[in-house]
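I have placed the structure first, in the form of structure tokens, so that the comments after it can refer back to it.
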């Protein structure tokens, strides 16, 4: 449920067009409870995203969860 909530209003914060297997990007979204989630997805087809990994960003490593320190 949290992943869906975060994904529905997520925005791209990093783009990896030359990723190893297919273009991918890193999304930032928030659950209804306000929990930040980073979701890395590949986008081989325009109407289909494949989730590669999901994690809660460490505030010690990110400014506003959008820029690496």
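The values are calculated or read from the model by the stated rules, or taken from the named source; none is laboratory data. Since this is a predicted model, take the numbers as computed values, not measurements. For neighbour counting, all protein chains shown are included, and Cβ atoms are generated from backbone atoms with ideal geometry for every residue, glycine included.
The table below gives the values:
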item	result
Which numbered condition residue 34 fails, given (1) surrounded by 12 or more Cβ atoms within 10 Å (Cβ to Cβ); (2) under 17 Å from residue 64 (Cβ atoms); (3) free of Cβ contacts under 8 Å to residues at least 12 places away in the same chain	(1)
Output for the range 24-58, where each listed residue is modelled with pLDDT of 95 or more, over 18 Å from residue 4 (Cα atoms) and not in a strand (DSSP E or B)	58
Conditions (1) exposed (fewer than 14 other Cβ atoms within 10 Å of the Cβ); (2) in a loop (DSSP other than H, G, I, E, B); (3) modelled with pLDDT of 95 or more; number of the one not met by residue 15	(2)
In the range 50-69, the residues that are in contact with a helix residue (DSSP H, G or I) (Cβ under 9 Å, 6 or more places away or on another chain) and under 15 Å from residue 13 (Cβ atoms)	54
